[in-house]
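As structure tokens, the structure follows; a few thoughts come after it.
The values are calculated or read from the model by the stated rules, or taken from the named source; none is laboratory data. Please read these numbers as outputs of a predicted model, since none were measured by experiment. Cβ placement follows ideal geometry from the backbone for every residue including glycine, while neighbour counts extend to all protein chains displayed. Protein only, heavy atoms only, side chains kept; ligands, DNA and RNA dropped before computing areas. Shrake-Rupley method; radii C 1.70, N 1.55, O 1.52, S 1.80 Å.
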Amino acid sequence: MVKAVVLGASGGIGQPLSLLLKACPLVDELALYDVVNTPGVAADLSHISSVAKISGYLPKDDGLKHALTGADVVVIPAGIPRKPGMTRDDLFKVNASIVRDLVKGIAEFSPKAFTLVISNPVNSTVPIAAEVLKAAGVFDPKRLFGVTTLDVVRAETFTQEFSGLKDASKATVPVIGGHSGETIVPLFSKVSPGFQIPADRYDALVNRVQFGGDEVVKAKDGAGSATLSMAFAGFRFAEAVIKATKGEKGIVEPTFVYLPGVAGGDEIVKATGVEFFSTPVELGPNGAEKAVNIIDGVTDQEKKLLEACISGLKGNIEKGVEFIKNPPPK
Ligand SMILES: NC(=O)c1ccc[n+]([C@@H]2O[C@H](COP(=O)([O-])OP(=O)(O)OC[C@H]3O[C@@H](n4cnc5c(N)ncnc54)[C@H](O)[C@@H]3O)[C@@H](O)[C@H]2O)c1
Ligand SMILES: O=C(O)C[C@H](O)C(=O)O
């Protein structure tokens with residue numbers, strides 16, 4: 001039995017993500033939680049003739065408790081999205097406390113659930129989630145993931161003309177680091193099946209992967225950021241976690257994790273100097289079984305990208321940790 005929960009289920013990501021989870025035969029029960037509209041979204045999805053039993057909750061009547069109780073996988077796309085001219089860090093002021101409060105609920109009602117954080121800025125919201133879980137004494141680093149799959153999906157898509165694959169998702173194009181601008185580091189030297197990016201296209205492709213989110217924010221012109229591609233990516237990662245819990249072997253996806261708590265992570269901390277980092281992670285029945293170090297042997301161009309990534313990431317992580325350890329005055 002798998003119970004999946006979406007926190008922020010009525011939003012631009014939440015609705016299509018809930019649709020994909022409702023349609024997934026691996027999900028037996030799906031609970032939707034949001035501050036608005038969940039009864040309607042749940043009623044709509046409940047007419048779909050798939051396996052998952054669906055329910056919708058609002059904050060009233062202990063909605064968060066009922067949504068989370070018995071959860072195996074909790075996906076969090078709650079919070080405000082960017083408008084043109086904003087950075088992801090500009091979302092911190094609003095989203096930090098939304099994520100904090102939802103993760104407090106997870107700590108209380110479903111401390112063993114796999115928690116997948118989509119809400120931006122991911123580089124800070126995941127450290128916030130970790131600190132909340134630590135403070136509650138229930139932090140298991142193998143069960144907390146920042147969802148960076150959209151960067152991987154973009155990298156697969158934007159390199160398709162070079163991979164030559166009809167189905168771009170069949171390529172492995174590792175993207176590591178964090179999830180904002182220069183903290184996003186595509187490793188084109190580590191693609192498989194091996195293919196070459198022409199030197200005169202390299203900078204533009206790296207830039208497109210790093211700033212793909214801005215492309216969508218600009219095109220939506222004030223109506224938000226990526227929602228449909230994010231729902232696709234969020235579902236891909238959630239499905240990978242669920243399949244791994246059911247015993248499927250060999251599932252490896254890049255995700256933003258607390259490295260010291262994952263096997264193989266210490267080596268990456270030594271190489272990068274940061275404790276939270278997105279790297280390919282082998283998933284298993286207990287979540288993040290192994291953090292794979294693919295930094296060794298990167299090109300000089302990639303080393304430079306990594307330097308910029310790490311200097312940006314440090315501040316983002318610190319900001320999230322401090323938000324819980326030394327909360328700002330109310
Ligand atoms: N990780 C990624 O790659 C990635 C990609 C795209 C978007 N995002 C982020 O995902 C978040 C959501 O984006 P969106 O486009 O779906 O936004 P949206 O505004 O369309 O939806 C957000 C939903 O969250 C709900 N919400 C707000 N406060 C809540 C709370 N306390 N509890 C429960 N629900 C609450 C809102 O009611 C709304 O339905 C944003 O922060 C965005 O930046 C991350
Ligand atoms: O760009 C954004 O703000 C949303 C998301 O992080 C993305 O990469 O599309």
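Here are some notes:
- Counting only protein heavy atoms and a 1.4 Å probe, region 237-301 has 40 square angstrom of accessible area per residue.
- Amide hydrogen neighbours beyond the local backbone of residue 290, cut-off 5 Å, H modeled: 282
- Electrostatic bookkeeping for residue 161 treats Lys and Arg as +1 and Asp and Glu as -1; over the other residues with beta carbon under 15 Å from its beta carbon, the sum is +2.
- Among the listed pairs 220/319; 246/319; 134/330; 249/290; 104/325; 65/220, a Cα-Cα separation exceeding 24 Å is found for 220/319; 246/319; 65/220.
- About the Cα centre, charge dipole magnitude for the chain (Lys/Arg +1, Asp/Glu -1 at Cβ), debye: 440
- Mean Kyte hydropathy of 0.0 or more with a Cα span along the axis of at least 20 Å, helices from DSSP in the chain: 92-109, 228-245
- Three principal axis lengths of the chain [C-alpha, angstrom, descending]: 58, 47, 43
- Contact order, relative form, for the chain: 17 percent (alpha carbon pairs under 8 Å, 6 or more residues apart, mean separation divided by residue count).
- Separation of alpha-carbon centers, region 1-53 and region 208-230, rounded to whole Å: 24
- Dipole magnitude for region 1-140: computed about the Cα centre from +1 point charges on Lys and Arg Cβ and -1 point charges on Asp and Glu Cβ, it is near 220 debye.
- Rounded to the nearest 20 debye, the dipole size of region 169-288 about its Cα centre is 360 debye, using +1 on the Cβ of Lys and Arg and -1 on the Cβ of Asp and Glu.
- The separation of region 236-251 from region 128-169, counted between C-alpha centres, amounts to 13 Å.
- Taken one residue at a time, the phi angles of region 249-261 give Karplus couplings (6.51, -1.76, 1.60, θ = phi - 60°) of 9, x, 8, 10, 9, x, 7, 8, 10, 7, 4, x, x Hz. Gly and Pro are set to x.
- With both labels modelled 7 Å from their Cα along Cα-to-Cβ, the residue 192 to residue 37 distance reads 4.2 nm.
- Solvent-accessible area, 1.4 Å probe, carbon plus sulfur percent, for region 1-142: 56
- With the charge dipole of region 42-169 set up from +1 on Lys and Arg Cβ and -1 on Asp and Glu Cβ about the Cα centre, the Cα lying farthest toward the positive end among the listed residues 115, 64, 144 is that of 64.
- Across region 168-173, coupling constants 3J(HN,Hα) worked out from phi with the 6.51/-1.76/1.60 Karplus curve, θ = phi - 60°, read 4, 6, 7, 7, 10, 10 Hz, and Gly and Pro carry x.
- Over the chain, dividing the summed -39,500 (n - 2.57) contributions of all DSSP H runs of at least 4 residues by the number of residues returns a 222 nm mean residue ellipticity of -13500 deg cm²/dmol.
- Evaluated at q = 0.23, 0.24, 0.27, 0.29 Å⁻¹, the base-10 log of the normalised Debye intensity for region 140-179, with identical point scatterers placed on the Cα atoms, takes the values -0.72, -0.76, -0.87, -0.94.
- Highest mean first, the peptides 286-296, 193-203, 263-273, 96-106 sorted by other C-beta atoms within 10 Å per residue fall in the order 96-106, 286-296, 263-273, 193-203.
- Residues of type aspartates and glutamates that residue 304 reaches as a straight line, Cα spacing below 20 Å, ignoring anything fewer than 8 places off in the same chain: 151, 182, 200, 203, 267, 275, 296
- Amide H partners (placed H, <5 Å) of residue 53, local residues excluded: 29, 30
- Solvent-accessible area, 1.4 Å probe, carbon plus sulfur percent, for region 205-294: 52
- Estimated distance in nm for a label pair at residue 23 and residue 112, the labels positioned 7 Å out from Cα along Cα-to-Cβ: 3.2
- Listed residues 206, 244, 312: farthest to the positive end of the dipole of region 196-314 (Cβ charges): 244
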